[in-house]
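Working notes, beginning with the structure itself.
The values are calculated or read from the model by the stated rules, or taken from the named source; none is laboratory data. What you see is a predicted model, and the numbers here were worked out from it, not measured in a lab. Ideal geometry is used to build each Cβ from the backbone, glycine not excepted, and the neighbour counts take in all protein chains shown.
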């Protein structure tokens, strides 16, 4: 079982980073021969990336909710993400070409992605009674204390004394 941290924690990740959301939607479930290969491509890429941390992926988590599957990814930089996506020797580019040959815009399977460039210090998070999650896995989990007590404090806009729960025990 995953270790629950029974405390308020925040994520610490220094420097710029990228949040990349990528997913697929099965539009015609009966055409499993169309969406099956698309669904199988992402695990291969994630395994490849996990074996080569120098490529820049910090953390990824996949979410399933038929007909949608999506992955939240944290990358060290846009340059690393783009380099991976366009490298002819790695898994993404061949998968992208296969999708365009088999599916293109015929409506059987939808694909999407969103890329967010996060500047150093322009993010905040809090976790309570949670295992390490999301950005805390991409970086590190630190106590949400001192300046990190409040959202404004975690963003460097206060000293943390504006925490609305500061008078609540164990908040």
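Taking the stated definitions as given, is residue 69 crowded, with 17+ Cβ neighbours inside 10 Å, within 19 Å of residue 43 (Cβ to Cβ), modelled with pLDDT of 95 or more and touching a helix residue (DSSP H, G or I) at 6+ places or on another chain (Cβ under 7 Å)? Lay out the reasoning, then the answer.
Numbers: crowded, with 17+ Cβ neighbours inside 10 Å: yes; within 19 Å of residue 43 (Cβ to Cβ): yes; modelled with pLDDT of 95 or more: yes; touching a helix residue (DSSP H, G or I) at 6+ places or on another chain (Cβ under 7 Å): yes.
Taking the combined requirement at face value, the residue satisfies it.
Against the condition free of Cβ contacts under 8 Å to residues at least 40 places away in the same chain, within 21 Å of residue 24 (Cβ to Cβ) and in a loop (DSSP other than H, G, I, E, B), how does residue 105 come out, does it pass? It would help to see each step written out before you state the result.
On the way: free of Cβ contacts under 8 Å to residues at least 40 places away in the same chain: yes; within 21 Å of residue 24 (Cβ to Cβ): yes; in a loop (DSSP other than H, G, I, E, B): yes.
Considered against the rule, which asks whether it is free of Cβ contacts under 8 Å to residues at least 40 places away in the same chain, within 21 Å of residue 24 (Cβ to Cβ) and in a loop (DSSP other than H, G, I, E, B), residue 105 comes out as yes.
Name the residues in the stretch 126-157 that are over 9 Å from residue 10 (Cβ atoms), surrounded by fewer than 21 Cβ atoms within 10 Å (Cβ to Cβ) and touching a helix residue (DSSP H, G or I) at 6+ places or on another chain (Cβ under 8 Å), would you?
Those that are over 9 Å from residue 10 (Cβ atoms), surrounded by fewer than 21 Cβ atoms within 10 Å (Cβ to Cβ) and touching a helix residue (DSSP H, G or I) at 6+ places or on another chain (Cβ under 8 Å): 146, 147, 156.
What is the number of the single condition among (1) more than 24 Å from the chain's Cα centre (by Cα); (2) crowded, with 17+ Cβ neighbours inside 10 Å; (3) assigned to a helix (DSSP H, G or I) that residue 160 does not meet?
Of (1) more than 24 Å from the chain's Cα centre (by Cα); (2) crowded, with 17+ Cβ neighbours inside 10 Å; (3) assigned to a helix (DSSP H, G or I), only one is false for residue 160: (3).
Can you pull out every residue in the stretch 108-118 that is within 16 Å of the chain's Cα centre (by Cα) and either in a loop (DSSP other than H, G, I, E, B) or over 20 Å from residue 66 (Cβ atoms) (or both)?
114, 115, 116, 117, 118 - these are the residues of the stretch 108-118 that are within 16 Å of the chain's Cα centre (by Cα) and either in a loop (DSSP other than H, G, I, E, B) or over 20 Å from residue 66 (Cβ atoms) (or both).
For the stretch 42-81, name all the residues that are closer than 17 Å to residue 111 by Cβ and either in a helix (DSSP H, G or I) or without any contact (Cβ under 8 Å) to a residue 12 or more places away in the chain (or both).
Listed by number, the residues that qualify are 42, 43, 44, 45, 46, 63, 64, 65, 81.
Criterion first (under 24 Å from residue 29 (Cα atoms) and not in a strand (DSSP E or B)) does residue 125 satisfy it?
Criteria not met by residue 125.
Which of the following residues is closer than 23 Å to residue 121 by Cα and surrounded by fewer than 18 Cβ atoms within 10 Å (Cβ to Cβ): 40, 60, 7, 50?
7
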